[in-house]
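The values are calculated or read from the model by the stated rules, or taken from the named source; none is laboratory data. What you see is a predicted model; the values in this text were computed from it and never measured. Positions of Cβ are generated from backbone atoms using ideal geometry, with glycine treated the same way; all protein chains shown enter the neighbour counts.
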Amino acid sequence: MPEVRTLAATVDRWWPEIAAFINTGHSNAKNEGINRVIKLVARAVFGFRNAMNQRLRTRCVTTHRARGHLRTAQL
């Protein structure tokens, strides 16, 4: 089946990363999530005249205290 071959090729290609996760239990999911939020904020504030305002808004959204309360639909 072509799907199984594609899956096998993908797993083979990503095996070092998969093995590292299995051995350590660590992933970069938190970083990826924060990067996603930063991109959403950047889209929402596109057109701000002051670049510092965009940086401050991004920092406020991604701080530890705000992360649990973030609702991306509000952005």
Subject >> Output for the stretch 29-54, where each listed residue is outside any helix (DSSP H, G or I) and surrounded by fewer than 11 Cβ atoms within 10 Å (Cβ to Cβ) >> reply: Phe46, Gly47, Arg49, Asn50
Original post:
Name the pairs: first residue in the stretch 46-68 and on the phi < 0 side of the Ramachandran plot, second residue in a loop (DSSP other than H, G, I, E, B) and at pLDDT below 75, Cβ to Cβ under 6 Å, at least 6 apart or on different chains?
Top reply: Gln54/Val45; Gln54/Phe48; Arg57/Val45
**OP:** Report whether or not Thr10 is at pLDDT below 85 and of a type in the set (Ser, Thr, Tyr).
**Re:** no
Subject >> Pairs where the first residue, in the stretch 21-41, is closer than 15 Å to Gln54 by Cα and the second is not in a helix (DSSP H, G or I), C-beta under 7 Å, 6+ apart >> reply: Val37/Leu70; Leu40/Leu75; Val41/Leu75
